Amino acid sequence: MAKAKKKELGLGIRALLTNMESDTPTSKDNKSSQSESSTAEIDIKSIEANPFQPRTEFDEEKLQELKESIQTFGVIQPITVRKLNSRKYQIISGERRWRASQLAGLTTIPAYVREADDQGMLEMALLENIQRADLNPLEVAISYQQLIDECDLTHEELSERLGKKRSSITNHLRVLKLSPSIQKALKLKKISLGHAKVLAGIANVEEQVAILDQILTHELSVRATEALLADSKVKSKGASAPAAIHPEVKKYQDALAERIGSKIAIQRSDQGKGSIKINFSSDQELNEIMDILLQE
């Protein structure tokens, strides 16, 4: 089911980029991405929202504040659109300004116009949305996955393009594998990405939801959630609590987990013997971990 959705999404985005209307210029010179033009005043009714905009909800109070600002000072920063045909444009970035301008009663809006029909335009649109929009972690994760799927990027390549740590990319993407109830709590900011990262380390969905209930009921911090999970594992095995990890070993364990972007457990005896356990949730994640460990 997930694969079908991915295929449908990919075709939809590519159709937006390639299926220009018949009255769009067809000269070969116009088939490549164009550079930003000077600002143009565009009829606000001729602009449509991007259906693949990562942000799905807009704060009504902030929209009203922006509307009042626009009524007083006008639209200070032009939006960016792409030309679909001679009468229609689609937003690349600036949807909030466009919505607020409509509320303010504007009939036109200043915009940079771009013409594009290739994958580079898709990448630019998604990157701009991720960098500029105030997205929740779930929306960011969806945008990351879109870039990976549609632009054929690895986690490492995406981290380089965004200027973010690879572990941050991986932690966001793990959110997409969580149960709907956890995703909803994350979207509503009832839990943080740190909580979601801990919950993603639980294989059993029912246990994930049970821990989520504990987090919400007792307003647990991320550290308290980790402690609760560790305690529940000890009780389920009927074992005694594990010995405290040496501070120096803990430092290496945390550094390694940050580098790889996955949960790490270092077990060491007083004699210096032990093992390192690395958790992964898919073959793709295993391959990425191996790439990091084996790179020269």
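Given labels modelled 7 Å from the Cα in the Cβ direction, how far is it in nm from Asn204 to Lys273?
Distance between label points: 3.2 nm.
Would you please give the FRET efficiency between Lys88 and Glu258, computed as 1/(1 + (r/R0)^6) with r the Cβ-Cβ distance and R0 = 41 Å, to the nearest 0.05?
Details: r = 46 Å, r/R0 = 1.13.
Working from the Cβ atoms, E equals 0.35.
Evaluate the distance, in nm, between pseudo-label points positioned 7 Å from the Cα of Asp152 and of Glu61 along their respective Cα→Cβ axes.
It is 4.7 nm.
Taking the Cβ of each residue in Lys177, Lys251 as the centre, tally the other Cβ atoms inside 10 Å and list the residues starting with the fewest.
Values: Lys177 14, Lys251 11.
Taking fewest neighbouring Cβ atoms as first place, the list is Lys251, Lys177.
How much length would be gained if the chain were fully extended between Asp291 and Lys45, taking 0.36 nm per residue of separation minus their Cα-Cα distance, in nm to one decimal?
On the way: separation 246, 0.36 × 246 = 88.56 nm, distance 4.94 nm.
Gain in length upon complete extension: 83.6 nm.
Would you kindly state how much longer the chain becomes between Arg223 and Ser192 on full extension, computed as 0.36 nm times their sequence separation minus their alpha carbon distance, in nm to one decimal? List each step's numbers first, then the result.
Working: separation 31, 0.36 × 31 = 11.16 nm, distance 1.19 nm.
Fully extending the segment from Arg223 to Ser192 adds 10.0 nm.
Contour minus end-to-end for Gln214 and Phe73, with contour as 0.36 nm per residue of separation and end-to-end as the Cα-Cα distance?
Between Gln214 and Phe73, full extension yields 46.0 nm more.
Read-outs: derived from the displayed coordinates by stated rules, not from any lab. Since this is a predicted model, take the numbers as computed values, not measurements. Please note: Cβ atoms are built from the backbone with ideal geometry, for glycine as well, and neighbour counts cover all protein chains shown.
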